[in-house]
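For reference, the structure is listed below as structure tokens.
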Amino acid sequence: MRLSTKGRYAVVAMIDLALRDHAGLVALSSISARQQVSMSYLEQLFGRLRRCQLVESTRGPGGGYALGRNPERITVADIIRAVDDPAPVPNGITTAAARTQLPVASRWKSFGHASTRRRSSVWKTSPCTNCWSSSA
């Protein structure tokens, strides 16, 4: 399975955040410097992560980001779903009913569900020092 660039950077940024979450709010500028990812790119990713309630933000001096829920309840699949765009729909298909009637669409949908289940079951966050542990 391949991760998109967005997914990869988001997972790395969330690991960085989780490792420092105990110390309070973490500034995006510090994640940017440690991970060598541009601030504007991180701002886009963290906007999506915030909308999915995976992170919380505090604005102003001394502000930053913290995990939005217990790290044991955040999966890699959650992170990827938050930042990745949905799969493109074939040209010419305009209604939801028509999309679901396509043989390829139903197989693609099944693959998407299986892929998400696999990502959800393989990795989960852990409070341990190496941050991610396999649950398989």
From highest to lowest solvent-accessible area (probe 1.4 Å; ligands, DNA and RNA excluded), R2, R20 read R2, R20
FRET efficiency (N70, L19; Cβ distance; R0 22 Å; to 0.05) is 0.90
From highest to lowest solvent-accessible area (probe 1.4 Å; ligands, DNA and RNA excluded), Y41, Y9 read Y9, Y41
Probe 1.4 Å, all chains present, heavy atoms only: R81 accessible area in Å², nearest 10, is 120
Length gained, D85-L3, 0.36 nm per residue minus C-alpha separation, equals 28.3 nm
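The values are calculated or read from the model by the stated rules, or taken from the named source; none is laboratory data. Values in this document were obtained by computation on a predicted structure and should not be read as measured data. Note that we place each Cβ from the backbone using ideal geometry, even for glycine, and neighbour counts take in every protein chain shown. In case anyone asks, the SASA skips ligands and DNA or RNA and just uses the protein heavy atoms, side chains included. Shrake-Rupley method; radii C 1.70, N 1.55, O 1.52, S 1.80 Å.
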